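Participant: I have a structure here, written as structure tokens, and I will follow up with some questions on it.
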Amino acid sequence: MALIELSPETPAPPAATAPPPAYYYRRVGLALALLLLLALGGADPAASVLFQRVGEVPFATGGDFQLIGGVLYTMDLEAEPRLLTAWQAEPVRRLWSHPAGSGDDPFFVAEATADYAVVRSGRNVSVLDAHTGALRWTSPVPVQPVSDTVAYVEEEIFRPGTEYDPESGDPGQLYGTSSAALHTEPAQRTELRGLDLATGARRWSLSFPGSVFTAWTGAPGNAVVVLTSDKLTLLSPITGAVLRQRPVPRVDGVQAEQGEVVGETVLVHYGSFGTGGPVVAYALDTLDELWRQNQPDPSGNASVCSGLTCAVTSDELLVLDPRTGAVRWRVAGTDVFAFGPDEVLEVRGLSTPLRTADAATGRPRVDLSRWRFQYPVQGGQAYLVSSVDEDRTTVFGLLKRGAAAVQPLGRLPGVTVQCQAVPALVACRMGDVVEMWAYRA
């Protein structure tokens with residue numbers, strides 16, 4: 001809300017030379033009545049303009065739900081077989097239902113586009129028509145859409161007979177990242193395949209020795225990052241063509257073990273997962289080396305740093321400059337999430353918002369201590385925040401990127417702490433239903 005500062009030098013109006021006519025008092029009376037109505041009874045109607053109930057859908061006990069785009073997906077985990085149902089939000093209506101391929105966990109919508117929903121059920125992945133729920137094709141490994149028409153899959157190939165039997169309890173190193181099965185030997189190779197999202201038909205295929213790390217960098221037309229033990233490669237997700245490539249040398253005699261894409265930087269980690277050791281940063285656009293350093297052992301620190309370049313010590317998060325690796329600022333006892341290019345959200349216990357802060361300095365910006373829970377709005381432009389008042393109603397506000405304060409939205413009758421948000425729409429579990437509310441800034 002904009003504030004207009006009135007100058008102290010504003011002159012007073014001239015004195016009236018005669019009593020105002022009768023109609024003047026009638027107008028003043030009407031104006032005062034309107035102001036009193038807005039001040040005393042107008043808060044709820046004003047809030048309802050910003051926060052309006054759309055409708056509700058049934059929610060099975062022990063189930064789950066996901067809000068993706070303008071579609072609400074509910075998962076009935078106690079049905080036989082388990083059932084995924086898609087609901088249109090505005091107006092609320094059931095679109096379709098799809099039975100799970102197995103009773104194994106996990107069971108959720110892994111990705112969704114305007115036309116397709118990628119559903120994970122145990123080890124199985126099903127690609128469904130988002131409009132009808134019809135099965136298009138299946139995959140034994142995760143499917144990553146990169147546009148409305150193209151996806152890619154990553155499949156590790158192991159020597160036959162090396163699958164680990166969890167009932168045996170045998171000790172030793174286990175291997176496997178792209179499927180639920182673990183193996184007692186490393187992968188012989190990894191196949192990366194580009195697929196037609198509508199049919200699953202192969203567009204391109206590449207093979208890499210051993211296991212690899214892959215990440216899609218964002219919007220359609222961007223690259224797939226592939227890290228092997230000795231190379232860093234950018235691929236076109238449409239054709240599989242190599243866009244850029246560079247060798248990744250050993251550091252201190254150790255080969256690269258894992259990768260991470262943070263903003264415009266690729267981080268290559270050496271050593272075992274979850275331990276300290278050498279880290280080398282490369283620019284995503286050129287693959288030029290930016291910096292390298294030895295990072296500390298993070299053992300004992302459960303704090304999360306998401307979307308930022310960080311080093312984790314046993315008791316602190318060190319937020320680093322992504323271009324130089326220099327320490328910008330440090331924080332202890334909180335989780336830190338990137339909130340646009342120059343702002344962060346500090347959270348405690350992954351759910352309780354504390355404040356926003358300047359990404360370069362850590363200087364606090366917006367105090368969020370009045371709020372109890374935060375829900376990221378898909379797209380990264382905002383967070384929905386909530387708290388429970390003494391009258392047992394849930395109050396919501398909208399924290400927009402770069403804003404100087406939280407914008408109040410409205411309230412729900414009752415207590416809810418299980419919500420998901422997309423631009424202009426929020427879904428919350430309220431007992432045995434999921435309620436949807438439309439909001440606007």
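The values are calculated or read from the model by the stated rules, or taken from the named source; none is laboratory data. In this text the structure is predicted, and so the values were computed from the model without any measurement. Heads up, the Cβs are rebuilt from the backbone with ideal geometry, glycines too, and the neighbour counts pull from every protein chain shown. The area values use the complete protein model at the heavy-atom level, side chains included, leaving out ligands, DNA and RNA. Shrake-Rupley method; radii C 1.70, N 1.55, O 1.52, S 1.80 Å.
Participant: Suppose we filter Gln374, Gln378 for residues that are in contact with a strand residue (DSSP E or B) (Cβ under 9 Å, 6 or more places away or on another chain), open to solvent by 70 Å² or more (accessible area, probe 1.4 Å), closer than 30 Å to Glu111 by Cβ and polar (S, T, N, Q); which single one remains? Quick ask: steps written out before the conclusion?
Facilitator: Values: Gln374 fails: open to solvent by 70 Å² or more (accessible area, probe 1.4 Å).
Testing whether each residue is in contact with a strand residue (DSSP E or B) (Cβ under 9 Å, 6 or more places away or on another chain), open to solvent by 70 Å² or more (accessible area, probe 1.4 Å), closer than 30 Å to Glu111 by Cβ and polar (S, T, N, Q) leaves just Gln378.
Participant: Tell me, which residue of the range 289-310 that is among the aliphatic types (A, V, I, L, M) and either in a loop (DSSP other than H, G, I, E, B) or under 21 Å from Leu345 (Cα atoms) (or both) is least open to solvent (accessible area, probe 1.4 Å)?
Facilitator: Going through the range 289-310, the residues among the aliphatic types (A, V, I, L, M) turn out to be 290, 302, 304, 308.
Keeping just the survivors that are either in a loop (DSSP other than H, G, I, E, B) or under 21 Å from Leu345 (Cα atoms) (or both) gives 302, 304, 308.
On the way: Ala302: 93, Val304: 49, Leu308: 25 Å².
Ranking the qualifying residues of the range 289-310, first place goes to Leu308.
Participant: Being at positive phi and part of a strand (DSSP E or B) is the filter here; which residues of the range 237-287 pass it?
Facilitator: Going residue by residue through the range 237-287, those that are at positive phi are 240, 252-253, 263, 271, 274, 277, 287.
Passing the criteria: only Gly277.
Participant: Then there's this: Given the criterion touching a His at 6+ places or on another chain (Cβ under 8 Å), open to solvent by less than 60 Å² (accessible area, probe 1.4 Å) and not polar (S, T, N, Q), identify the matching residue among Ala241, Ala256. Spell out how you get there, then give the answer.
Facilitator: On the way: Ala241 fails: touching a His at 6+ places or on another chain (Cβ under 8 Å).
On inspection, the qualifying residue turns out to be Ala256.
Participant: Next question, about the same structure. Would a scan of the range 131-138 turn up a residue that is buried (at least 19 other Cβ atoms within 10 Å of the Cβ) and not basic (Lys, Arg)?
Facilitator: No - not one qualifying residue is present in the range 131-138.
Participant: Let me ask you something else. Looking at the range 333-343, can you tell me whether even one residue there is open to solvent by less than 50 Å² (accessible area, probe 1.4 Å), farther than 30 Å from Leu234 by Cβ, touching a strand residue (DSSP E or B) at 6+ places or on another chain (Cβ under 6 Å) and part of a loop (DSSP other than H, G, I, E, B)?
Facilitator: yes
Participant: Between a first residue in the range 360-385 that is on the phi > 0 side of the Ramachandran plot and a second residue that is open to solvent by less than 80 Å² (accessible area, probe 1.4 Å), which pairs have beta carbons less than 7 Å apart while being 6 or more apart in sequence or on different chains?
Facilitator: That search, which allows pairs on different chains as well, returns Gly362/Val319; Gly362/Trp329; Gly362/Val331.
Participant: So how many residues does the range 93-130 have that are surrounded by fewer than 18 Cβ atoms within 10 Å (Cβ to Cβ) and under 15 Å from Thr74 (Cβ atoms)?
Facilitator: 7
Participant: Does the range 173-182 include one or more residues that are farther than 30 Å from Asp64 by Cα, in contact with a Ser or Thr (Cβ under 8 Å, 6 or more places away or on another chain), surrounded by 16 or more Cβ atoms within 10 Å (Cβ to Cβ) and not aliphatic (A, V, I, L, M)?
Facilitator: yes
Participant: Of everything in the range 184-210, what is surrounded by 15 or more Cβ atoms within 10 Å (Cβ to Cβ) and closer than 23 Å to Asp115 by Cα? Give them in sequence order.
Facilitator: Correct list: Arg193, Gly194, Leu195, Leu197, Ala198, Gly200, Arg203, Trp204.
Participant: Select from the range 84-112 the residues that are of a type outside the set (A, V, I, L, M) and not in a strand (DSSP E or B) and write down the one among them that is nearest to the chain's Cα centre (by Cα).
Facilitator: Step by step, filter the range 84-112, then rank; the result is Pro106.
Participant: Of a type in the set (Ser, Thr, Tyr), surrounded by 14 or more Cβ atoms within 10 Å (Cβ to Cβ) and at pLDDT below 95 - does that describe any residue in the range 275-285? Outline the logic, then answer.
Facilitator: Going residue by residue through the range 275-285, those that are of a type in the set (Ser, Thr, Tyr) are 275, 282.
Pick out the ones that are also surrounded by 14 or more Cβ atoms within 10 Å (Cβ to Cβ) and you get 275, 282.
If we keep only those that are at pLDDT below 95 too, we end up with 275.
For the range 275-285, residues of a type in the set (Ser, Thr, Tyr), surrounded by 14 or more Cβ atoms within 10 Å (Cβ to Cβ) and at pLDDT below 95: present.
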